[in-house]
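Q: Attaching a single structure in structure tokens format; questions to follow.
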Amino acid sequence: MARSLKASPAEACGCSCGCGESQESAASAEAVKSELMNWPVQLKLVPPGAPYLKGADILLAADCTAFVVPDFHRRYLRNRPVLIACPKLEDTELQIVKLAEVIRTARPAALTVLRMEVPCCGGLVRVAEEA
């Protein structure tokens, strides 16, 4: 089921609750809060008519990118829905059809492709261009 996720403000722990965290740890938790604003995130699962896609600046990210960019949420997700896909492990023809349907239905303001500098990720750019 598609749903929008609203980022909740991180609550700083002053250690008065007995959790054992220092204020520095609480500050670190604030620095890495989630910016994810939609679910599902996998291209093959997202409904093309999901309200969070309409007119949005959509990020189409290769599956691996979130694991290699330490500040992925802060740098790339803030105020934009994300769709993830892998051109190596999934059927790219189905990805093209699905992304084209998303584009037709949602009419996004922009589509940004985030990929890694490995040959297999080049397929994601082709998916976006063909869609």
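Q: With a ≥ b ≥ c taken as the square roots of the eigenvalues of the C-alpha gyration tensor of the stretch 43-125, please select rounded if a/c is under 1.5 and otherwise prolate if a/b is larger than b/c or oblate if it is not?
A: On the way: a/c = 2.14, a/b = 1.16, b/c = 1.84.
Oblate.
Q: Run the numbers for residue 64 and residue 103: contour at 0.36 nm per residue of separation, minus the present Cα-Cα distance, in nm.
A: Numbers: separation 39, 0.36 × 39 = 14.04 nm, distance 2.30 nm.
Between residue 64 and residue 103, full extension yields an extra 11.7 nm.
Q: Would you rank 90, 117, 101 by solvent-accessible area, highest first, keeping every protein chain in place and using a 1.4 Å probe?
A: Working: 90 45, 117 185, 101 75 Å².
Listed by decreasing accessible area, they come as 117, 101, 90.
Q: Calculate the FRET efficiency for residue 112 and residue 89 from the Cβ-Cβ distance with a Förster distance of 35 Å, rounded to the nearest 0.05. Show your work: numbers first, answer last.
A: On the way: r = 21 Å, r/R0 = 0.61.
My answer for the efficiency is 0.95.
Q: With a 1.4 Å probe and all protein chains kept in place, how much accessible area does residue 33 have, in Å² rounded to the nearest 10?
A: 70
The values are calculated or read from the model by the stated rules, or taken from the named source; none is laboratory data. Predicted, not measured: the structure shown is a model, and the values here were computed from it. Virtual Cβ from ideal backbone geometry, glycine too; neighbours counted across all protein chains shown. Protein only, heavy atoms only, side chains kept; ligands, DNA and RNA dropped before computing areas. Shrake-Rupley method; radii C 1.70, N 1.55, O 1.52, S 1.80 Å.
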